[in-house]
Amino acid sequence: MNENILKSLDATEKETLQKGLESLIEQTYVIENEYKVLNENYNSLRAMVDEIIEVLPSALWILDKEKNIILQNKEALKNPKLLNSISLEKMRDELEFEGRFYAVKIIAHNEKTIISATDISDEKRNERLASMGSVAAHLAHEIRNPIGSISLLASTLFSRSELKNKHIVLEMKKAIDRVERIVNSTLLFTKGVHINTLNFNILELKEECESAINSYNFSAPIQFELNFLDVNICADKALLGLVLQNLIYNAIDAIEENECENPKIKIIAEAKENNLILRVFDNGCSIKDENLVFEAFKTTKLKGNGLGLSLSKEIINAHRGELSFEKEPKNFYFILPLT
């Protein structure tokens, strides 16, 4: 029948029909190519979205209407139990999970539920530190005046005491000095570290160490070895003295806590590649929790307020240096540029 129709058409009609068929075929090719391009763009976009989801710092889950997981990123896979702790009834929430804090956001869309959990532990820690710092600063100010009066009275008492009682007053003064150091460190920590640099010889820090040792109250028969360089540095002498004081007191406390034989603290200063490297070695108890070493207001020591090393790190950072430690042989060290 189609052949009969074609036979009945004249030449002009056949030509028109042929052109129409060719145009339809061309349009089909164009549509097919557009579909291929669109499909490639879709796949590229989908791959980009998948990549973005994977690199998100937040844990992300997508649930179907039965609350089954249909998609989750690698952060979500790191915390498979976290999802079970999230209440799906709250669009926004904060929760604590395994010692970390998370901000949770839930969005319902097209019978699907999108859940994101962002780790805000650092922000919570900073808020807590700011709060603790404010309280600590207030207490330090309140304690400072009576401690100053007690220190003055102790000095007067020392001058008037009999020789046999002077050692008792000296112990009182050492205890008072300890409280004053804690108060001063707390105020310095809460106000922030500002360095005042000047040129001085490293040997002057040796005198600071000897003064710190003589003013600290300890009972262990510790042998001290101090090896310093005859070299100049531009830094804040008072603050570096405070850092050394903290490192020495930590070493003494570690020795007294461990009750080791032949207790020894060795301080070595050396110049290397235009840097000053100063190490404080001790053979006391080992470092118990490496993650808490420089954490403010946290300490594993029997004595201490958890500010010494945190404040020391701030001081060294302000000098464009580095404060760290090594476990074998145990030592705390700081590195400072000599120029």
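The values are calculated or read from the model by the stated rules, or taken from the named source; none is laboratory data. These numbers come from a predicted model, not from an experiment. Ideal geometry is used to build each Cβ from the backbone, glycine not excepted, and the neighbour counts take in all protein chains shown. Please note that ligands, DNA and RNA were not included when accessible areas were found on the heavy atoms of the full protein model with its side chains. Shrake-Rupley method; radii C 1.70, N 1.55, O 1.52, S 1.80 Å.
Taking a probe of 1.4 angstrom, what is the accessible area of residue 144 in Å², to the nearest 10?
Near enough 110 Å² of accessible area.
Apply the a/c threshold of 1.5 to the C-alpha gyration tensor of the stretch 77-125 and tell me whether it is rounded, prolate or oblate. Mind dumping the intermediate values first?
Details: a/c = 2.32, a/b = 1.72, b/c = 1.35.
Cα axes put the stretch 77-125 in the prolate bin.
Above 18 Å lies some portion of the pair distances; for the stretch 200-261, what is it as a whole percent of all C-alpha pairs? Mind dumping the intermediate values first?
Details: 710 of 1891 pairs.
Considering the stretch 200-261, 38 percent of its Cα-Cα pairs are separated by more than 18 Å.
Between the stretch 254-292 and the stretch 54-114, what is the separation of their alpha carbon centroids in Å?
Computed from Cα coordinates, the inter-centre distance equals 45 Å.
Answer rounded, prolate or oblate for the stretch 160-250, using the Cα gyration tensor with square roots of eigenvalues a ≥ b ≥ c: rounded when a/c is under 1.5, else prolate when a/b is larger than b/c, else oblate. Please list the in-between numbers first.
Details: a/c = 2.31, a/b = 1.46, b/c = 1.58.
Cα axes put the stretch 160-250 in the oblate bin.
With θ set to phi - 60° and the Karplus curve 6.51 cos²θ - 1.76 cosθ + 1.60, what are the ³J(HN,Hα) couplings of the stretch 199-206 in order, to the nearest whole Hz, using x for Gly and Pro?
Whole-Hz 3J(HN,Hα) from phi for the stretch 199-206: 7, 8, 8, 4, 4, 5, 6, 4.
Roughly speaking, what is the stretch gain from residue 224 to residue 91, that is 0.36 nm per residue apart minus the C-alpha to C-alpha distance, in nm to one decimal?
Gain on extension, residue 224 to residue 91, equals 41.8 nm.
Express the accessible area of the stretch 157-303 per residue in Å², computed with a 1.4 Å probe while the remaining protein chains stay in the model.
54
Output the pairs from 237/313; 191/330; 81/288; 174/313; 74/105 with a Cα-Cα distance over 23 Å in this structure; if there are none, say none.
191/330; 81/288; 174/313
Treat each spin label as a single point 7 Å out from the Cα along the C-beta direction, and report the residue 23 to residue 163 distance in nm.
That separation, rounded to one decimal, is 12.7 nm.
Considering only protein heavy atoms and a probe of 1.4 Å, how much of the accessible area of the stretch 139-212 is carbon and sulfur, as a whole percent?
Of all accessible area on the stretch 139-212, carbon and sulfur atoms account for 58 percent.
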